[in-house]
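Everything on this sheet refers to the single structure shown next.
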Amino acid sequence: MSKTIQSIRGMHDILPEQTPAWQYLESTVRDLLAGYGYQEIRMPIVEMTELFARSIGEVTDIVEKEMYTFEDRNGDSLTLRPEGTASCVRAGIQHGLLHNQQQRLWYMGPMFRHERPQKGRYRQFHQIGVETFGIEGPDIDAELIMLTARLWRRLGISDVRLEINSLGSLEARAAYRERLVDYLRGHQDVLDEDSRRRLETNPLRVLDSKNLAMKDVIAGAPQLLDHLDAESVAHFEGLKQRLDTAGIVYVVNPCLVRGLDYYSRTVFEWITESLGAQGTICAGGRYDGLVEQLGGRATTAAGFAIGLERLLALLEEHGRLPSPVAPHVYLVTFGERAEREGLLLAERLRNVLPGLRLVMNCGGGSFKAQMKRADRSAAELALILGEDEVDAGEIGVKFLRREEDQRRFSQDQLEAFLRAQCFTAPSA
Ligand code: ATP
Ligand code: MG
């Protein structure tokens, strides 16, 4: 036998036993966002490579070493999207959705990054992204944070903490960058190799290092928060006040810088201690310069992305995953006449009871084999249709999950019985 082909490292199948959890998460988020007036947008998974280089930044981890980039048959350089914001902005500009108007948008789907696979870190992973455009004040930053707080409540998650920071304006950040570089140069000997490289390319990222040996140097570094422009200070104060009055607890983390270049002013992360090193389940902030940077007319913007694999892992940790949806009934038939009759009966029942989850035994089998399948399906009831029942115009009903005698109904009685069992409303 030849070797079987496996999925690509870091890219996972989501199996039938796992899809109920995904669907639950997706529908919860969809309902919640509708409650805030956000509309869904769906973008292609592949974009021109230049889009990400121009938005995320040439010297970020993502663009330097994590992108799945390839040449298509025309010789164009294409990239599997590593995140959604750039695509969303591209689509917004292309379709005239951004200029002189406000937008509240969201999307959901797979993202691709060539990282070292480990718990909570994959090469294909899924995000829900939320982006707003044309709203300048801290009110929208607060709304974004409040709606994520509501999502955690709805999902029954409590052990997440909110960290916020302000990156200020581009100019304030450029001035601060020089001070930071001066300071870090004075501590070259303590910096690890990554940080020495970043010192030249992206010094703010040094503050984000998880290397404990550099902890003291980082703690002693000048803080961006002390070097903000007046407008950014006022914006940040405005956000903090709104979170305070909404009763949302946060910590200001002056070292929170985010890995993407396009952020300005507010940045935030929701972090849990329950998942180990990969504890950030949601990250976002303002990116007022990005639309213009990508060729659109200057438009303020703010958004965030949730990592769904991490959120699901957290739900599992809390025992908050929904149980799989079982069928209500499993229809067992014997003999060709009953099987043909059964197919029609099943359709008639689905016509009159739209919420009914009915599995028809297909592929024949002995009574024992069919009842075994019925049991394995986790259905509540087995409907039994044999030659006798067909002749009498009746159907047998066997209770699979409780001690109760088998019964026999006419078709009309069966419908009323199933209705009384509440097998009628479509499941959410
Ligand atoms: P990290 O610091 O964990 O690498 P990041 O700053 O690269 O995260 P973002 O680009 O802001 O992450 O993406 C938003 C969210 O998407 C993250 O907070 C995380 O939950 C999730 N995420 C990012 N990369 C991955 C990945 N490789 N596998 C699984 N989830 C991921
Ligand atoms: Mg990353």
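The values are calculated or read from the model by the stated rules, or taken from the named source; none is laboratory data. What you see is a predicted model; the values in this text were computed from it and never measured. Positions of Cβ are generated from backbone atoms using ideal geometry, with glycine treated the same way; all protein chains shown enter the neighbour counts. Please note that ligands, DNA and RNA were not included when accessible areas were found on the heavy atoms of the full protein model with its side chains. Shrake-Rupley method; radii C 1.70, N 1.55, O 1.52, S 1.80 Å.
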If you check Glu389, Glu339, Glu380, Glu347, which single one turns out to be charged (D, E, K, R), in contact with an Asp or Glu (Cβ under 9 Å, 6 or more places away or on another chain) and more than 30 Å from Gly109 (Cβ to Cβ)? Glu389
From Val190, Val160, Val206, which residue is within 16 Å of ligand 2 (Cβ to nearest atom) and among the β-branched types (Val, Ile, Thr)? Val206
So, in the range 272-295, how many residues would count as being open to solvent by 10 Å² or more (accessible area, probe 1.4 Å), of a type outside the set (Ser, Thr, Tyr) and not in a strand (DSSP E or B)? 11
If the Cβ limit is 6 Å and pairs must be 6+ apart or interchain, which residue in the range 1-26 that is open to solvent by less than 50 Å² (accessible area, probe 1.4 Å) pairs with which residue that is of a type in the set (Phe, Trp, Tyr)? Gly10/Tyr122
Evaluate the range 86-94: report whether one residue or more is open to solvent by 10 Å² or more (accessible area, probe 1.4 Å), within 16 Å of ligand 1 (Cβ to nearest atom) and among the charged types (D, E, K, R). no
Do you know which residues across the range 178-192 are part of a helix (DSSP H, G or I) and of a type in the set (D, E, K, R)? Glu178, Arg179, Asp182, Arg185, Asp189
Residue tally, condition assigned to a helix (DSSP H, G or I) and either within 15 Å of ligand 2 (Cβ to nearest atom) or open to solvent by 60 Å² or more (accessible area, probe 1.4 Å) (or both), over the range 42-63: 6
Inside the range 296-313, the number of residues satisfying the requirement of being closer than 23 Å to Leu243 by Cβ, open to solvent by less than 20 Å² (accessible area, probe 1.4 Å) and more than 10 Å from ligand 1 (Cβ to nearest atom) is 3
Of the criteria (1) within 16 Å of ligand 1 (Cβ to nearest atom); (2) under 19 Å from Glu50 (Cβ atoms); (3) in contact (Cβ under 8 Å) with a residue 24 or more places away in the chain; (4) open to solvent by 50 Å² or more (accessible area, probe 1.4 Å), which one Glu66 fails: (4)
Name the pairs whose Cβ atoms lie under 7 Å apart, with the first residue in the range 296-322 and under 12 Å from Ser274 (Cβ atoms) and in a helix (DSSP H, G or I), the second within 13 Å of ligand 1 (Cβ to nearest atom) and small (Gly, Ala, Ser), and 6 or more positions between them or separate chains? Arg310/Gly120; Ala313/Gly120
Return a yes/no flag: does the range 118-131 have any residue that is part of a helix (DSSP H, G or I) and either in contact (Cβ under 8 Å) with a residue 12 or more places away in the chain or on the phi > 0 side of the Ramachandran plot (or both). no
